[in-house]
Amino acid sequence: MSQSRITRRGLVAGAAGLAGMFKMTAGTPQAGGALNKNSAPSQLKITDMRAVLVASNYDYPIIRIDTNQGVYGLGEARDAGREGTALVLKPHLVGKNPLSIEPILDSVRNFANHQRMGGGYSAIDMALHDIAGKVYGVPAWRLVGSKYRDKIRVYCDTTDSKDPKVFGERLRKRKEQGFTFFKMDLVTSLIADRPGALTARNTATPRGLEYLCEYIQVVRDQIGWEVPLATDHFGALNLNDSIRYARAFEKYDLAWAEDMIQVDHLGAGGDAPKNWRAYKELKEATVTPICTGESLFGLEEGFRDLIENRAVDIVHPDPLTSGGIRETKRIGDFAAMHGVQTAIHFAGSPVGCLGAVHMAATLKNMLAMENHAVDIPWWGELVTGVSKPIVDRGYITVPDTPGLGVELNEAAIKEHIRKGGYFAPTPQYDDPILDHFRQGGPYPHLDENGKPVVSR
Ligand SMILES: [Mg+2]
């Protein structure tokens, strides 16, 4: 159907025809050739939510939201997280129209938090966009904006080595694979055996910093100076350590230094949002670009202070923690408004990866997106519907097919289940567990005779 000929009737017919292309959920009215109700989006209702936990370099908690019309959505909670962060929200979704994306997300936002606790909200966001895209016949990116790019530039994790030459060689091989953006981990264990390298707090001494710089120099010699090179995993640095490190690295023209400040009592990880003032001090003390955010949820809850105060050069949300497609788009747009760039952290399955790709396509100032699976041969086989390899010569193509554009390869998934079965029923989540206004008895008003007034 050409753009010029789209009519309401045509849209409805297109959506109905399109729905027939999707694998239907067993036991739904779609099975057995029953009336296809995908032409009635106003009647669409969420009926169930289930999950499968895939065992990989990290566990991938993939969820599926089912509806009364056969169309379903796939989503994913944060890598190494638990599917329960999503499933516990099932009773808050069942019965609602999945196309009411923002009202639904508003209703469960109080359950979301930083680190893995952002996974449930994020997974639900992706599944709802998958459903809406399928129903309306548009890719998920179209639901939140326009496409700024057709391919997403990817950088990948690379195993470190105490031998700088081996480390450099591994990065050079990434360049041979077609990657154009690079990142290296500068863990202190790299230099632990060197004399005088570490303080009692396990941070680099001035001599240790020289050793760390050797690693960067060797990698620069291997991959060249014209390509972006980021750094990560510095250990438990305080603010002054971070400034020393960042200044020592200035001569290598890094793309960024990531999660430098460890904040302990302000929250686990190096990117606690309460610590934005320390990040601002660090940023203002160096010309090495400063980046953080892979463990933060939400614009208001996690990123606003960092961005509004220009406390970092680059925010680094993981869409499986930060709030999925819609919230991460908000974060990226807010960052762009303040002259802060966005890079995407990602370490999950192809389902969440493609969800993140849809979102990343719509950001004005997207730098690159992470991938932790380029060395896992079966990673791409977990899904169908996208061109393979998914990460091709350092880029992922943005799908133009409806929804997320991926379907699960059931056989491949079943080969890698951690536990709990393949989308097993979830009756244990039918009733609200964490929070729900429950009225214990009759309406708690008494009439003038002291008798309960029962609401009808
Ligand atoms: Mg990181």
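The values are calculated or read from the model by the stated rules, or taken from the named source; none is laboratory data. Values in this document were obtained by computation on a predicted structure and should not be read as measured data. Every residue, glycine as well, gets a Cβ built from its backbone with ideal geometry; the counts of neighbours run over all protein chains shown.
Criterion applied to G293, G298 was being touching a residue at least 40 places away in the same chain (Cβ under 8 Å), within 30 Å of D106 (Cα to Cα) and more than 16 Å from the ligand (Cβ to nearest atom), and the one residue passing it is G298. Residues that are surrounded by fewer than 19 Cβ atoms within 10 Å (Cβ to Cβ) and closer than 23 Å to F346 by Cα occur at least once in region 235-246.
If we keep just the residues of region 258-281 that are more than 16 Å from the ligand (Cβ to nearest atom) and at pLDDT 95 or above, which is farthest from S322 (Cα to Cα)? For region 258-281, the residue satisfying everything is E281.
Quick grid of which residues meet (1) within 16 Å of the ligand (Cβ to nearest atom); (2) in a loop (DSSP other than H, G, I, E, B); (3) more than 17 Å from the chain's Cα centre (by Cα); (4) not assigned by TED's automatic domain parsing to the domain that holds I62:
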residue	(1), (2), (3), (4)
E327	no, no, no, yes
G339	no, yes, yes, yes
G355	no, no, no, yes
A360	no, no, no, yes
M369	yes, no, no, yes
D375	no, yes, yes, yes
I390	no, yes, no, yes
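When restricted to residues that are under 19 Å from the mean Cα position of the chain (by Cα) and β-branched (V, I, T), region 89-103 contains 1. For region 222-239, the condition holds for at least one residue, the condition being that it is within 29 Å of R174 (Cβ to Cβ), among the β-branched types (V, I, T) and more than 16 Å from the ligand (Cβ to nearest atom). Checked against the criteria, F181 does not count as surrounded by 15 or more Cβ atoms within 10 Å (Cβ to Cβ), free of Cβ contacts under 8 Å to residues at least 60 places away in the same chain and in the same structural domain as A356 (by TED's automatic domain parsing).
The combined condition, being surrounded by fewer than 22 Cβ atoms within 10 Å (Cβ to Cβ) and in contact (Cβ under 8 Å) with a residue 40 or more places away in the chain, is not fulfilled by V154.
Summed over region 398-419, residues that are of a type outside the set (D, E, K, R) and in a strand (DSSP E or B) total 3. Between L254, L209, the distinction of being surrounded by 18 or more Cβ atoms within 10 Å (Cβ to Cβ) and within 16 Å of the ligand (Cβ to nearest atom) belongs to L254 only. Among the residues of region 37-86, those that are without any contact (Cβ under 8 Å) to a residue 40 or more places away in the chain and touching a strand residue (DSSP E or B) at 6+ places or on another chain (Cβ under 7 Å) comprise R82, A86.
The rows are residues; the columns are (1) surrounded by fewer than 18 Cβ atoms within 10 Å (Cβ to Cβ); (2) touching a Ser or Thr at 6+ places or on another chain (Cβ under 8 Å); (3) not assigned by TED's automatic domain parsing to the domain that holds G421.
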site	(1), (2), (3)
A77	no, yes, no
E83	no, no, no
H92	no, yes, no
S100	yes, no, no
P103	yes, no, no
G120	no, yes, no
A123	no, yes, no
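Looking only at region 377-388, residues that are surrounded by fewer than 21 Cβ atoms within 10 Å (Cβ to Cβ) and either of a type in the set (S, T, Y) or in a strand (DSSP E or B) (or both) come to 2 in all.
Of the listed requirements (1) in a strand (DSSP E or B); (2) in contact with a helix residue (DSSP H, G or I) (Cβ under 9 Å, 6 or more places away or on another chain), M117 misses just one: (1). A343 satisfies every condition listed in (1) in contact with a helix residue (DSSP H, G or I) (Cβ under 6 Å, 6 or more places away or on another chain); (2) in contact (Cβ under 8 Å) with a residue 60 or more places away in the chain except (1). Within region 219-238, not a single residue is in the same structural domain as A285 (by TED's automatic domain parsing), of a type outside the set (S, T, Y), closer than 20 Å to P195 by Cα and more than 26 Å from the chain's Cα centre (by Cα).
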